[in-house]
1. Could you line up H176, H203, H14, H192 from fewest to most neighbouring Cβ atoms inside 10 Å?
2. With a 10 Å Cβ neighbour count serving as the proxy for reagent exposure, in which order, fewest first, do S156, S28, S111 appear?
3. As a test of the formula, what do you get for the chain when each DSSP H run with n ≥ 4 contributes -39,500 (n - 2.57) and the sum is divided by the residue count, at 222 nm and rounded to the nearest 500 deg cm²/dmol?
4. Suppose R0 equals 45 Å. What FRET efficiency, 1/(1 + (r/R0)^6) with r the Cβ-Cβ distance, do S22 and I184 give to the nearest 0.05?
5. For every other residue with a beta carbon closer than 12 angstrom to the beta carbon of S194, add +1 if it is Lys or Arg and -1 if Asp or Glu, then tell me the sum.
6. Quickly rank 127-139, 54-66, 35-47 as a protection proxy: mean count of other C-beta atoms within 10 Å, highest first.
7. Any idea what Rg and Dmax come out to for region 148-214 if you just take the C-alpha atoms, in Å?
8. For K143 and R160, compute 0.36 nm times the residue count separating them, minus their Cα-Cα distance, and round to one decimal in nm.
Amino acid sequence: MKNKTISIILVDDHQVVRDGISSMLAPSEDIIIAGQASGGEELFELLKTRQADVLLLDLELPDMSGLEICRRVCKEYPGIYVLILSMYTGEEFIFNAIAEGAKGYLPKNTSRSELAEAIRCVSEGKEYFNDIISGIMLKSYIKKAKSKNPDSRDLSELSRRETEVLKMLAEGIPNHEIGERLFISIRTVESHKSHIMQKLELHTTAELVKFAIRNKLIEI
């Protein structure tokens, strides 16, 4: 019986990376490249005319963050499952991607066979994390479980700019608007958010909002 054909779209701002991934997946007859995009705008224009089962997505892109893309795709195209392929393997990146709806997460040095396996798994709506990513996630959970009083962390952990970004994030202000208000790029906003999550040992936006409420940065 012939395997189901899985169509994927590659999103990475480096053509050489997209070409490399295409070459890696060429031997897998059940996986076809339905399209490629260098960023968010190009991707969403492509999705108007192309269908796909899996979006293979980098996190660092020039016009829109990978997390924003992941959030939009999961909301606007629920039939497309997101698999993150990133050089960033810090726990904050992994947990943020999961919170935004990603089904899987792989480091960019993954092997051809593992990449193909992950695509097949995610295409069925299942989650996929290799041993490296799973180990990072487990270590984070153990660290959190051993923490006697995680609520003891306060705003002194953050810089003035991080506190400003935290308040706006907790108020639900979009990243691009935060950037405009503070005269910084979207990428810098994402960087601040990652540092905030790491310093406060938070893993989701919901936890971030709760922290802001506890510390009276916002009112409900």
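1. Numbers: H176 14, H203 21, H14 10, H192 25.
With the sparsest Cβ surroundings first, the list reads H14, H176, H203, H192.
2. Values: S156 6, S28 17, S111 11.
With the fewest neighbours first, S156, S28, S111 line up as S156, S111, S28.
3. On the way: 10 runs with 110 residues, N = 220.
Using -39500 (n - 2.57) per qualifying helix, the result is -15000 deg cm²/dmol.
4. Rounded to the nearest 0.05, the efficiency is 0.85.
5. Values: positive: R187, K193, K199; negative: E60, E91, E92, E162, E190.
Around S194, the surrounding residues sum to -2.
6. Values: 127-139: 15.2, 54-66: 21.6, 35-47: 17.8.
By packing density, highest mean first, the sequence is 54-66, 35-47, 127-139.
7. 11.4, 39
8. Numbers: separation 17, 0.36 × 17 = 6.12 nm, distance 2.67 nm.
Separation in residues times 0.36 nm, less the Cα-Cα distance, equals 3.4 nm.
Bear in mind these aren't lab numbers, they're just calculated from the coordinates by the rules spelled out. In this text, all values refer to a predicted model and were calculated from it rather than measured experimentally. A quick note on method: Cβ atoms are made from the backbone with ideal geometry, for glycine too, and the neighbour counts reach across all protein chains shown.
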